[in-house]
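Read through the structure below, which is laid out as structure tokens, and then see the notes.
The values are calculated or read from the model by the stated rules, or taken from the named source; none is laboratory data. Source: prediction; values computed, not measured. Don't worry about glycine lacking a Cβ; one is built from the backbone with ideal geometry, like all the others, and counts go over all protein chains shown. Quick note on the areas: whole protein, heavy atoms, side chains included, nothing else; ligands and nucleic acids left out. Shrake-Rupley method; radii C 1.70, N 1.55, O 1.52, S 1.80 Å.
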Amino acid sequence: MLGQSIMERLVTPGPLSNAHARLESNCNGCHSAFRKEAQNSKCSACHKGIAGDIAGGTRFHGKFGPARSGNCKSCHSEHKGRNVRLIGLNASTFNHNFSAFPLTGKHAKVACTTCHRQAPHYRGAPHDCASCHAAKDPHRGQLGRACANCHSTSGWKPVQGFDHARTGFALTGAHRSQTCASCHAGQRWKGIGKTCASCHAKDDAHRGSRGTNCASCHTTATWRSATFDHSSTGFPLIGGHAQASCASCHGAGNANKHPSRSCFSCHARDDTHKGQNGTDCASCHNPRSWKQTSFDHDRMTRFALKGPHRTAACAACHIQPAKVAKPPVTCFGCHAKDDTHKGANGMDCARCHTVTTWKTSNFNHNTMTDFPLAGAHATAKCEACHTQGASKAQLSTQCGSCHAKDDVHSGKLGQNCARCHSSSAWTGKVRFEHDLTRFPLLGKHAALQCASCHADRTFSAKGAACQDCHADKHHAGALGTPAQCRNCHTTSDWKVWKFDHDSQTQFALTGKHRGLICSACHSRPGDPSKVGTRCIDCHRRSDPHRGGFGEDCERCHVTSGFGQIIMGNNGKN
């Protein structure tokens with residue numbers, strides 16, 4: 001504290017920090033006597049950089065409100081001893097956005113001391129990339145210090161933002177996905193050629209035979225795809241030629257610069273005719289497909305191709321070369337092996353068949369024979385009837401001659417099948433008029449199969465009474481013998497009956513009698529007319545009086561209910 005006056009030594013609060021120790025003998029360097037408000041200006045007079053930050057609103061002291069407008073001593077207290085730090089900064093909570101270098105990308109995860117190696121002088125840390133990353137610069141300074149032109153804080157790799165078009169060589173096609181080192185090997189950034197050959201000479205499949213103007217055929221999209229206009233050579237590439245590789249005609253490395261233009265010169269090895277049809281391939285073939293021929297058989301021969309003949313392979317008929325042997329033009333000449341008639345119908349196949357399909361016959365049985373085909377006969381196959389061939393046996397037109405095996409009547413009804421059956425369907429509905437017999441078919445009888453009644457299929461005369469077919473299983477003879485079924489039942493429905501007990505008997509049904517089933521009273525076989533009509537005849541067992549009041553039940557009871565009494569002691573209800 002040398003150099004201080006006695007008064008200054010008496011009022012000083014304590015020693016200054018090491019940073020200000022040199023001012024300890026000069027109180028006026030930081031203080032103005034009796035002017036506390038002038039202290040900030042004293043600080044700014046020494047700390048001109050920070051004063052400039054406040055004035056310009058930059059960096060921490062210019063952006064952070066309390067630092068910009070408050071008193072310096074609020075944060076930087078002095079006279080507390082030599083080793084006291086004047087900067088009370090909490091690095092873990094400090095908002096770097098108030099500084100002149102906001103932390104973005106990977107910088108946000110870096111420790112403070114990585115950049116601020118000379119703390120506590122935080123303000124003096126450099127802002128340019130090279131100041132920190134120069135030691136790791138793979139370009140060794142050749143591209144300058146403006147790293148941000150290509151790199152970002154997100155990651156040192158990949159390169160972003162650099163516009164290669166500014167170099168005079170815009171990146172297009174596959175060039176856009178290449179790494180910088182693909183062209184700039186060994187960090188060579190100057191003197192790089194801009195022609196294709198300068199980089200791709202080693203990839204030249206032509207080995208220099210096509211010159212160095214690669215762009216006349218290739219593009220940057222892909223090296224293997226060529227855009228050369230072959231039409232300029234006088235041999236336009238069409239059909240299968242357009243898909244062929246250059247080497248398939250010109251050989252490896254363009255060894256054959258001017259190959260022959262004749263088909264045979266290239267396709268001799270593909271000639272399935274082994275040269276027997278000459279070398280004029282174009283008379284039959286075209287460049288669209290080697291297997292597809294354009295020979296006009298209709299115009300150039302006397303055998304026009306129709307139907308399946310048009311799609312048949314040449315070799316199907318031309319077993320030998322066309323110039324060596326000509327195949328026959330008659331059907332039988334080629335299709336003898338396909339003749340299912342084994343020659344029985346002669347060799348004039350066209351009389352029945354057409355070239356549209358071998359299995360379909362156009363023989364008109366209706367106009368060319370005495371037996372028109374109708375119904376199921378029209379869809380039957382020829383061999384279903386003509387088992388020995390049409391020429392060898394003339395068939396009978398009688399049904400029984402073909403269908404004897406189908407006769408379920410065992411011949412007992414004769415051979416006039418058409419009387420009941422039709423050609424539409426042998427087993428379908430017959431057309432016999434049963435109403436002309438003594439038993440017309442009514443109700444449910446009309447829908448029955450013949451065999452339901454004529455089980456033996458002999459159709460001999462049968463009884464016309466119901467009981468001839470319908471044994472009386474339900475009434476067991478209780479309603480008379482022989483049963484008179486028609487009195488109650490109809491052919492519409494066996495279970496529905498129509499007997500009128502009131503008009504057809506001497507016992508009208510009243511009260512609860514109307515809801516009873518027949519067998520409740522007619523429970524025993526015999527003549528139904530002999531059933532008693534008195535109450536006691538049916539209700540003797542249920543008489544609670546046990547005969548004590550006689551047998552005249554109607555005197556007290558009614559049919560509405562047996563328990564209802566209609567006469568009292570005085571003759572009143």
Under Karplus coefficients 6.51, -1.76 and 1.60, residue-wise ³J(HN,Hα) of region 24-29 in Hz, glycine/proline x: 5, 8, 10, 4, 5, x
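For the chain, what relative contact order do you get, as a whole percent, if you take Cα pairs closer than 8 Å and at least 6 residues apart? List each step's numbers first, then the result.
Values: 450 pairs, mean separation 25.3, N = 573.
4 percent.
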Cα-based shape type of region 160-201, given that a ≥ b ≥ c are square roots of the gyration tensor eigenvalues and the cut on a/c is 1.5: rounded
Other-chain or far-sequence residues with amide H under 5 Å of H489's (modelled H): K498
Partner lysines for K381 [C-alpha distance under 26 Å; skip if fewer than 8 residues away on the same chain]: K306, K337, K342, K359, K392, K405, K429
Under-5 Å amide H pairs with T293, H placed in peptide plane, nonlocal only: none
Gyration tensor (alpha-carbon) shape descriptor, region 86-154, a/c threshold 1.5: prolate
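Counting Lys and Arg as +1 and Asp and Glu as -1, what is the net charge of the other residues whose Cβ lies under 12 Å from the Cβ of T340? List each step's numbers first, then the result.
Details: positive: K337, K342, K359, K381; negative: D338, D339, E383.
Taking every Cβ under 12 Å from that of T340, the sum is +1.
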FRET E, pair S422, T533, Förster distance 41 Å, beta-carbon r, rounded to 0.05: 0.10
Per residue accessible area in Å² of the chain, where ligands, DNA and RNA are left out and the probe is 1.4 Å: 74 Å²
Estimated vicinal HN-Hα couplings, Hz - region 187-198 in sequence order (Karplus 6.51, -1.76, 1.60; Gly, Pro = x): 6, 8, 10, 10, x, 7, x, 10, 8, 4, 5, 4
Under 13 Å, Cβ to Cβ, from S265 - net charge with Lys/Arg +1 and Asp/Glu -1: -1
Ranked by how many other beta carbons lie within 10 Å on average, peptides 261-271, 500-510 from highest: 261-271, 500-510
H96/H175 FRET efficiency (R0 30 Å; Cβ-Cβ; nearest 0.05): 0.15
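Where a ≥ b ≥ c are the square roots of the eigenvalues of the C-alpha gyration tensor, would you call region 33-94 rounded, which needs a/c under 1.5, or, failing that, prolate if a/b is larger than b/c, or oblate?
Values: a/c = 1.88, a/b = 1.05, b/c = 1.80.
Judged from the Cα gyration tensor, region 33-94 comes out oblate (a/c at least 1.5, b/c at or above a/b).
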Simple spin-label estimate for V408 and S265 in nanometres, 7 Å along Cα-Cβ: 8.2 nm
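If r is the Cβ-Cβ distance from F371 to H501 and R0 is 51 Å, what FRET efficiency results, to the nearest 0.05?
Working: r = 63 Å, r/R0 = 1.24.
Here the calculated transfer efficiency is 0.20.
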Segment L516-H47, extension gain: residue separation times 0.36 nm, minus the distance between their alpha carbons: 156.0 nm
Value of [θ]222 nm, deg cm²/dmol, for the chain, DSSP H segments ≥ 4, -39500 (n - 2.57) each, nearest 500: -3500 deg cm²/dmol
Amide H contacts of H353 (H built 1.01 Å from N, under 5 Å, at least 5 apart or other chain): N362
Where a label projected 7 Å from the Cα of T491 along Cα→Cβ would reach, residues of region 411-448 with amide N under 13 Å: 433-448
Label-point separation in nm, K194 to K381, each point 7 Å along Cα→Cβ: 8.2 nm
For region 381-456, the spread of Cα positions along each principal axis, largest first, Å: 51, 23, 20
